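The values are calculated or read from the model by the stated rules, or taken from the named source; none is laboratory data. What you are looking at is a predicted structure, and each value in this text was computed from that prediction instead of being measured. Neighbour counts run over all protein chains shown; Cβ positions are idealised from the backbone, glycine included. When the accessible area is computed, the model is the full protein with side chains, heavy atoms only, and any ligands, DNA or RNA have been set aside. Shrake-Rupley method; radii C 1.70, N 1.55, O 1.52, S 1.80 Å.
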Amino acid sequence: MDRIKDFRRTILVVDDEAVNREMLNEILSQHYEVIQAENGTEALSVLRDQKGQISLMLLDLLMPQVDGYTVMETVIKDPELARTPIIVLTSEKSAEIKSLQIGAIDFLTKPYDSPQVILARVRHAISLSEQMKLIQSTEKDLLTHLYTKEYFFEYAKQLKERNAATTMDAIVINLTNFHLINEIYGRNFGNIILQTIAADITQLAEESEGIGCRYNADGFFLYMAHHWNYDKPLERIQFHLSELLKETEIHVRMGICEGTFQSVSIEQSFDRALYACNTLRESFNSAYAIYDEKMLEEEIKKARILSDFADAVEKRQFRVLYQPKYNIQGASPVLSSFEALVSWTHPEFGKMLPSTFIPQFEKNGLIQKLDKYVWKEVAVQMRKWKEIHGTTLPVSVNVSRVDLHDPKIVDYLLQITQENNIPPGEFLLEITESAYTENNSILVEAVKNLREAGFRVEMDDFGSGYSSLNMLACLPIDAIKIDIGFIRKIIYDKKTMYLVNVIIGIAKHFGIPCIAEGVETKDQLDILKEAGCEIIQGYYFSKPIPPDEVSELRKKGIQRD
């Protein structure tokens, strides 16, 4: 039975002597598809017609009109043909060296060796070529022709070893909100933007004997000799982008870890450069940031915060404080509820505000464990207050977006409230508005399940994003909490006060209370009361206080509304 031919491997035999072509055809056709050409012109025509389909060309050097040397030089200079491997056919020993210098991968000497030797050389040449093509296909990004991340780091290490005396900088470059360019102008135009940046990175790399990389959709690495003026590389990129985009649409960010800073691995250098770049996410005043000792301290602190979490829970370093909420619509303010807030007294860093550690926990999934810790602490404390005072006041706790994806959230909340004899309606749940943009269907289902179980849900930070009004149409909630940013400006900003009136009006329309947090002055209190806001909290009345002070506050005779 004939051996099945591999249709992917086609060999082009080029020789002006028909007998030579037929001899090679007889040897090769048992294993490969064979195409014959009797001169150089015909060979180039076949290569162009069969673009990318020729696995190997066996090329005679001495032919009339267009000889083998000319064919090789043409192929090597043509980007579309250059990856075609060539074995030259020659009877002249001196031609071998010249052929290899031009770009031939091997040679067969006339008269030909045994068929087994020819097949072995052919198999080796094809195998070597295919391996090289595989490497090249993964080595470079197809769009920008910069190195891919994996090869970049390997070549960067080799570059560093060969140039040990040269100080090399790790640079990260990307565009802010690049996805909007794709949305507005289309992906093809977005690709032109990326290619423009890549061209500048390639030129910078060549000028500094460095290398460039596309490490993600709109991010680039540049490893280059230490540069004293980073304004110039940025100006070059921004200039070329300005020819394609409006000035307001160009927001290039660059993070740098200078080689003079510290001797670390190349991967760590780029991690640090990326960290520096990310510090510019919300800044449009600075185009680049250089990693320094302060950033290193911040990174170490963030790493410590994450690694010390489990120990902090076990040793009860997290402390729950309670900020009073007052109903202000009567003749005098009446204590109506509390919000539970968490602080962390770290053994090394001291007392840390939630803004220091909660964003880290949200990024790393630890926030759910912290939330459950706080919920349980609050439920136990509410039971203690009930035992002391005979009644309890509602307490609101924060629910993160991670919690809403937990199918067991309702069961867990019911369990801790039932164990502590707390009605679900007294255990208020604050869901920040930013959680609403994640997945509306999951959010709506989670909120409905929580309310059906008896819990009341408050929309926190209302007005801080763009999803509030949309969500109100489909999401049942029990209170609206005005974002603190509005409260800080209502005294001097008429537009802000107008928006606050609109939010209070929306709450009244839905028949639910409106809560304002961050109230610090009598003027703010009076304005909110006149506008119809029902409940406020803030330092004007009280900072967050520990549980024992809550009991003292209640003993003063301030009764629940």
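Placing +1 on the Cβ of every Lys and Arg and -1 on the Cβ of every Asp and Glu, with no other charges, gives the chain a dipole of roughly 2060 debye about its Cα centre.
Of the solvent-accessible surface of the chain, computed with a 1.4 Å probe and all protein chains present, 50% belongs to carbon and sulfur. Per residue, the convex hull spanned by the Cα atoms of the stretch 79-225 measures out at 148 cubic angstrom.
Averaged over its residues, the stretch 69-202 has an accessible area of 54 Å² per residue, based on protein heavy atoms and a 1.4 Å probe.
With a simple spin-label model that places each label point 7 Å from the Cα along the Cα-to-Cβ direction, the separation between Thr166 and Gln131 comes to 2.9 nm. Ordering 99-109, 411-421 by mean Cβ neighbour count within 10 Å, with the highest value first, yields 99-109, 411-421. Can you tell me, using C-alpha contacts under 8 Å and at least 6 residues apart, the relative contact order of the chain as a whole percent? Reported relative contact order: 8 percent. Taking only the C-alpha atoms of the stretch 50-146, the Rg (one decimal) and the largest Cα-Cα distance, Dmax (whole number), read 14.5, 46 Å.
For the listed residue pairs Lys301/Lys386; Lys140/Lys294; Lys376/Lys448, the alpha carbons are over 32 angstrom apart in Lys301/Lys386; Lys140/Lys294.
Ordered from highest to lowest accessible area with the whole protein assembly present and a 1.4 Å probe, Glu42, Glu22, Glu430 read as Glu22, Glu42, Glu430. A helix-only calculation puts the chain at -14500 deg cm²/dmol for mean residue ellipticity at 222 nm, using -39500 (n - 2.57) for each DSSP H run of at least four residues, averaged over all residues.
Computed with a 1.4 Å probe over protein heavy atoms only, the accessible area of Met23 comes to about 80 Å². For the stretch 44-54, putting each phi into the Karplus relation 6.51 cos²θ - 1.76 cosθ + 1.60 with θ = phi - 60° gives couplings of 5, 5, 4, 4, 6, 5, 9, 3, x, 9, 8 Hz, in residue order, rounded to whole numbers and with x for Gly and Pro. Neighbours of Leu58, meaning other residues whose beta-carbon lies under 12 angstrom from its beta-carbon, give a summed charge of 0 when Lys and Arg score +1 and Asp and Glu score -1.
If you take the square roots of the eigenvalues of the alpha-carbon gyration tensor of the stretch 194-278 and sort them as a ≥ b ≥ c, do you get rounded (a/c under 1.5), prolate (a/b over b/c) or oblate? It is prolate, given that a/c is not under 1.5 and a/b is the larger ratio. The residues neighbouring Leu414, those whose beta-carbon lies less than 12 Å from its own, together hold a net charge of -2 under the Lys/Arg +1, Asp/Glu -1 convention.
Sequentially through the stretch 380-396, phi angles give Karplus couplings (6.51, -1.76, 1.60; θ = phi - 60°) of 5, 5, 4, 4, 4, 4, 5, 5, 7, 9, x, 9, 9, 9, x, 10, 9 Hz, Gly and Pro residues having no value and appearing as x.
Under 5 Å between amide H atoms, partner at least 5 residues away or on a different chain: which partners does Met63 have, H built in plane at 1.01 Å? It is Gly68, by chain and number. The H on the amide N of Lys140, modeled in the peptide plane, is under 5 Å from the matching H of Thr148, each at least 5 residues off or on a different chain. With both residues required to sit in the stretch 293-434, DSSP beta bridges show an antiparallel share near 65%.
Remark: the stretch 166-180, residue by residue, has Karplus-estimated 3J(HN,Hα) of 9, 7, 10, 9, 9, 10, 10, 10, 8, 9, 6, 6, 4, 4, 5 Hz, where x stands for each Gly or Pro and the curve is 6.51 cos²θ - 1.76 cosθ + 1.60 at θ = phi - 60°. Summarising the amide proton neighbourhood of Val34: residues at separation of 5 or more, or on other chains, whose placed amide H is nearer than 5 Å comprise Ile11. Charge tally for Lys495 (other residues, Cβ to Cβ under 15 Å; Lys, Arg +1; Asp, Glu -1): +1. Stretched out straight at 0.36 nm per residue, the stretch from Ser29 to Thr109 would grow longer than its current Cα-Cα span by 26.8 nm. Estimated at 0.36 nm per residue, the fully extended path between Asp292 and Ile192 surpasses their Cα-Cα distance by 32.6 nm.
Taking every DSSP bridge with both residues inside the chain, close to 45 percent are antiparallel.
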